[in-house]
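A short write-up of the structure that comes next.
The values are calculated or read from the model by the stated rules, or taken from the named source; none is laboratory data. What you see is a predicted model, and the numbers here were worked out from it, not measured in a lab. Please note: Cβ atoms are built from the backbone with ideal geometry, for glycine as well, and neighbour counts cover all protein chains shown. Remember, those area values only see protein heavy atoms, side chains included, never the ligands or the DNA or RNA. Shrake-Rupley method; radii C 1.70, N 1.55, O 1.52, S 1.80 Å.
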Amino acid sequence: MIVLGIESTCDETGASVVENGKRILSNIVASSADIHERYGGVFPELACRRHIDAIIPVVHEALAAAKKTPESIDLIAVAKGPGLVGALLIGMNAAKGLSIAWKKPLIGVNHIEAHLYASMIDAPEPYPFPALGIVLSGGHTLLLKILDVGRYEAIGTTVDDAIGEAFDKVAALLSLPYPGGPPIERLARQGNPKSYSFRPGKVKRNPFDFSFSGLKTSVLYAVKGQNGLGAISLTEVQRADMAASFQETAFRDIAEKTALALQTFPCKAIFLGGGVCNNQRLRSLFAERFPKMPLFWPPFNLSVDNAAMIAGLGFQKFLSSNGIGDSLDLEVQTRIPIA
């Protein structure tokens, strides 16, 4: 089965052609991150304008790269949420229009679930379930028990900032560009992660929940003084040490809660997804902490928002629904509980 995937949840416009949920024939991404860099975050209206300009060209490019025609497409999968409502509507309406014009079935996909599926694309089947799922991105931080593809039990989430959002805000405090993850990782390589005694946030009502707001505030005080209003002149060494200490604290918090989850919910493997998973320190820390646990990471080009994970998961969902797609009444959802 040949599936066309469409992704437009935030600032990336993606189209991909995937065969049988596994074999990626093309994966095209048009990012608008260059526009948002000046604002230190995503400017929704500008993201939508870029989606409007890019959505049909990336579809044409994905078909051309895969050497496929509209007639050879069997299914159109589209991210239905969560995400920015305007951005989602552009992708959804494009997918519906193509579904009508090409007379192909349509299926909506949960973007968060697709991030986890990105680490399953290259994994051998049958998948080792039950497994622990971890989503770490700019908008989401989640711990999940994976019972099967499409069947999950929520364990923990963030009560404030997502981890990627925390990286963006700390990067701004350190005068680093947006998005903040890659520049913090580069700077942290030059620093001492033990220089600053930052502490992770704790959530009393659920030991598996995350809180990065306090950690971010600790960096703010280190940069601008205890009242948060001053401006301490930081040396390059101090900036590197601060980046390393922040990154290490955040990642060790994730590792600690992962270890606790594995003790509480015995699992056979860990599947991770989301843009933060590209961080090499995170990967090495998990390898050190869980040497006997199979770890499945998304390929680097599938960790950020992309349409290949949408197409791949769309194939799986279509099979589980006995080949019945969604109706054209399908609506976008800015928030979707995954479990």
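I'd like the distance between the alpha-carbon centres of segment 171-220 and segment 291-338, rounded to an integer number of Å. Spelled out, the Cα-based centre of one part sits 29 Å from the other.
Nearest 20 debye, what's the magnitude of the dipole of segment 63-113 about its Cα centre given +1 on Lys and Arg Cβ and -1 on Asp and Glu Cβ?
The calculated dipole for segment 63-113 is roughly 120 debye.
Measuring only protein heavy atoms, the 1.4 Å probe finds Leu330 accessible over about 30 Å².
Taking a point 7 Å from the Cα of Val237 along the Cα-to-Cβ direction, the residues of segment 182-204 with backbone N closer than 15 Å to it are 190-196.
Note on the chain: with a GNM built from Cα contacts shorter than 10 Å, the maximum mean-square fluctuation among Pro105, Pro179, Pro207 falls on Pro207. May I ask for the angle, rounded to the nearest 10°, between helix 85-102 and the longest principal axis of the chain, with both axes built from Cα atoms and the value confined to 0 to 90°? Here the helix axis deviates by roughly 20 degrees. Ranking Tyr221, Tyr152 by solvent-accessible area of protein heavy atoms (1.4 Å probe, all protein chains present), from largest to smallest, gives Tyr221, Tyr152.
Mean residue ellipticity at 222 nm, helices only, the chain: -13000 deg cm²/dmol; runs of at least 4 DSSP H residues each add -39,500 (n - 2.57), and the sum is divided by the number of residues. Partners of Lys216 within straight-line reach, counting lysines whose Cα lies under 29 Å from its Cα and excluding those fewer than 8 residues away in the same chain: Lys145, Lys169, Lys194, Lys202, Lys204, Lys224, Lys257. Using the Cβ of Met1 as centre and a radius below 10 Å, the other residues enclosed give a net charge of -2, where K and R count +1 and D and E count -1.
When nucleic acids and ligands are ignored and a 1.4 Å probe is applied, Arg186 ends up with an accessible area of around 130 Å². Build a GNM of the chain with springs between Cα atoms under 10 Å apart, and of Ile270, Ile52, Ile76 the one that fluctuates most is Ile52. Just to confirm my numbers, what's the Cα centroid distance between segment 1-69 and segment 114-159 in Å? The two parts, judged by their Cα centres, are 23 Å apart.
Remark: segment 188-321 carries a charge dipole of roughly 300 debye about the Cα centre, counting +1 on each Lys and Arg Cβ and -1 on each Asp and Glu Cβ.
For Lys268, Lys224, the ranking by accessible surface with the largest value first comes to Lys268, Lys224, using a 1.4 Å probe. Straight-line cross-link reach from Lys80 at under 13 Å between alpha-carbon atoms covers these aspartates and glutamates, not counting any fewer than eight positions away in the same chain: Glu7, Glu113, Asp326, Asp329, Glu331. In the context of the full protein assembly, His140 retains an accessible surface of approximately 40 Å², using a probe radius of 1.4 Å and ignoring ligands and nucleic acids. Within the accessible area of the chain, the carbon and sulfur atoms contribute 53%, probe 1.4 Å, all protein chains present. Rolling a 1.4 angstrom probe over the protein heavy atoms with all chains in place gives segment 177-316 an accessible area of 46 Å² per residue.
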